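Visitor: Mind having a look at this structure? Questions to follow.
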Amino acid sequence: MTIDWTNVREDFPILKRKINDQSLIYFDNAATTQKPKQVIDAITNYYQNYNANVYRGVHTLSGEATQVYEDVREKVSKFIGAKQKEEIIFTRGTTSSLNYLAKSLASKIKAGDEILLTYMEHHSNIIPWQQLAKEKNANLVYVQLTNDGKIDIEDYRKKLNTRTKIVAFTHVSNILGTINPVQEMTKIANEKGAIVIVDGAQAVPHFEVNVQALDVDFYVFSGHKMLGPTGIGVLYGKMQWLEAIEPAEFGGEMIEFVQEYKSTWAAIPKKFEAGTPNISGAIGLGAAIDYLNTLGMKNIKAYEDSLFKYLYESLLDIDGLKIYGPDDLCERSGVISFNLDDIHPHDLSTALDLEGIAIRAGHHCGQLLMRQLNVVATSRISLYFYNTKKEINQTIQALRNAKEFFNG
């Protein structure tokens, strides 16, 4: 299948936007992606034609909304290779999913147990476990990183033991772009009987993910990083675990039967979806998956890999620019964090914004990793398939202009 990637850009209305009289160049895709008109239209169609609550009505609109909502669950299940659609729980996003797991798994943790994390985790995959450890008087243990920004597998092996009850780590670092060896890490953790939880927010939008092949216990990600709307996310869990844990939120359709002093829960997945769900968000996510499937995830990865290589090599040509993360591009996904001379990333981002270029600046919700890198902040360029080499060329020139301006 041959794809005209330039023509694909026509599906994204916002890319026609002007910023400071310049055509928008959007390189902040790790924070959120732009939405194609197919996703926007699907959400609009729901509100205009079959807006109703799911499950709760026998009338036509409710039936239509429920059917589409459940169809999306099936789409998500197939998209990530789940065994059955009931293993898919809709949440508000990756952060929401991780917080939910920290609450639901609390009964599995006792004083002296250990929760194993890495130094490349997003704050969303640190703070919930800090709170759980504090509540249960458990211990947090961190895996070291290698000098080139990868997880130190030997340190990982060494720190896993019979006290380790939960292992939580990212599939792809939102700062370094490092693709972690999930299968290997899961196998090692399973040998110690630990529960494996993977943050897939930066992985699912960019390449094929199969949760059965990875053999993880839980896998979480967000819709808005893969063309979908904000406020919708996914918590995948193996059925054996979903049956074993208790819900963390209560009310609405998650209830089967209510008595004065006790209640029973609805069947999975309703058991974990209290209250009115984000119906329009799920519908938008379904449309996003349809769009990604039309392009093909293998095609997307191949194009992004070529674009990433071009960007990486172009950045290396700028004197005084330091890139963080693995040198082997096969071990990275489309995120590059860097610093340019002594220019503060906020100043650099502001300078690029004046030329219509949106990049990220700051600690990227990764203060632990920033300290490991011995920096306060970095600039970050993150790609998606609607970006182009022409945009990269313009950005490289803008970086050169900024270097000349700030250094006199």
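Visitor: At a Cα cut-off below 17 Å, give the aspartates and glutamates reachable from Lys150, other chains included and same-chain residues fewer than 8 away excluded.
Guide: Answer for Lys150, where 17 Å is the Cα cut-off: Glu121, Glu184, Asp199, Asp327, Asp328, Glu331, listed by chain and number.
Visitor: Follow-up question, since we're still on this one. Taking the Cβ of Gly57 as the centre, find all other residues whose Cβ is under 13 Å away and add up their charges (Lys, Arg: +1; Asp, Glu: -1). Write out the running numbers ahead of the final one.
Guide: Numbers: positive: Arg56; negative: Glu64, Glu253.
Residues close to Gly57 contribute a combined charge of -1.
Visitor: What is the order of Lys390, Lys150, fewest Cβ neighbours within 10 Å to most? Present the calculation step by step, with values, prior to reporting the outcome.
Guide: On the way: Lys390 10, Lys150 20.
The fewest-first ordering by Cβ neighbours comes to Lys390, Lys150.
Visitor: Against the longest principal axis of the chain, how steep is helix 182-191, in degrees 0 to 90 to the nearest 10, with axes from Cα atoms?
Guide: So the inclination is approximately 40 degrees.
Visitor: Specify whether the C-alpha gyration tensor of segment 269-343 places it in the rounded, prolate or oblate class, a ≥ b ≥ c being the square roots of the eigenvalues: rounded for a/c under 1.5, otherwise prolate if a/b is larger than b/c and oblate if not.
Guide: Values: a/c = 3.41, a/b = 2.07, b/c = 1.64.
Judged from the Cα gyration tensor, segment 269-343 comes out prolate (a/c at least 1.5, a/b above b/c).
Visitor: Further question on the same structure: Looking at the square roots a ≥ b ≥ c of the eigenvalues of the Cα gyration tensor of segment 97-170, which shape do they give, rounded for a/c under 1.5, prolate if a/b is larger than b/c, or oblate?
Guide: On the way: a/c = 2.49, a/b = 1.47, b/c = 1.69.
Oblate shape, in that a/c is at least 1.5 and b/c is the bigger or equal ratio.
Visitor: Of the peptides 361-368, 171-178, 60-67, how do they stack up when ordered by the mean number of other Cβ atoms within 10 Å, highest first? Numbers along the way, then the final one.
Guide: Values: 361-368: 18.8, 171-178: 27.9, 60-67: 15.4.
For the peptides 361-368, 171-178, 60-67, the packing ranking is 171-178, 361-368, 60-67.
Visitor: Another question, then. For the Cα atoms of the chain, what angle does the longest principal axis make with the long axis of helix 37-49, in degrees from 0 to 90, nearest 10?
Guide: Between the helix axis and the principal axis of the chain, the angle is about 40 degrees.
Visitor: Oh, and also: Which trypsin sites (Lys or Arg not before Pro) in segment 22-75 pass both tests, a DSSP loop state and at most 16 other beta-carbon atoms within 10 Å? If you can, show how the numbers build up before the last one.
Guide: Details: sites: Lys37, Arg56, Arg73, Lys75; in loops: Arg56.
For trypsin sites (Lys or Arg not before Pro) across segment 22-75 that sit outside H, G, I, E and B with at most 16 neighbouring Cβ atoms in 10 Å, the list reads Arg56.
Visitor: If you don't mind, there's one more thing I want to ask. Counting DSSP beta bridges in the chain, what percent are antiparallel, to the nearest 5? Spell out each step's value before the answer.
Guide: On the way: 28 of 47 bridges.
Given both bridge residues lie in the chain, the antiparallel proportion sits at roughly 60 percent.
Visitor: If you place +1 on the Cβ of every Lys and Arg and -1 on the Cβ of every Asp and Glu, how big does the dipole about the Cα centre of the chain come out, in debye to the nearest 20?
Guide: Values: 43 positive and 49 negative charges, 122 e Å.
Dipole of the chain, to the nearest 20 debye: 580 debye.
Visitor: Sort Leu285, Leu399 by Cβ crowding within 10 Å, fewest neighbours at the top. If you can, show how the numbers build up before the last one.
Guide: Values: Leu285 30, Leu399 24.
Result, fewest neighbours first: Leu399, Leu285.
Visitor: Shifting gears a bit: Provide Arg400, Arg360 in ascending order of the number of other Cβ atoms located within 10 Å of each residue's Cβ, fewest first.
Guide: Least crowded to most crowded, the residues run Arg400, Arg360.
Visitor: Let me ask you something else. What is the spread of the Cα atoms of the chain along each of their three principal axes, largest first, in whole Å?
Guide: Over the chain, Cα extents along the principal axes are 74, 55, 37 Å.
Visitor: Oh, and also: With n ≥ 4 as the cut-off for DSSP H runs, can you work out [θ] at 222 nm for the chain, using -39500 (n - 2.57) per run divided by the number of residues, rounded to the nearest 500? Working shown, then result.
Guide: Working: 14 runs with 157 residues, N = 408.
Calculated at 222 nm, the ellipticity per residue is -11500 deg cm²/dmol.
Rule-based calculations on the coordinates, nothing more; no lab input. Keep in mind it's a predicted model, so treat the numbers as computed, not measured. Note that we place each Cβ from the backbone using ideal geometry, even for glycine, and neighbour counts take in every protein chain shown.
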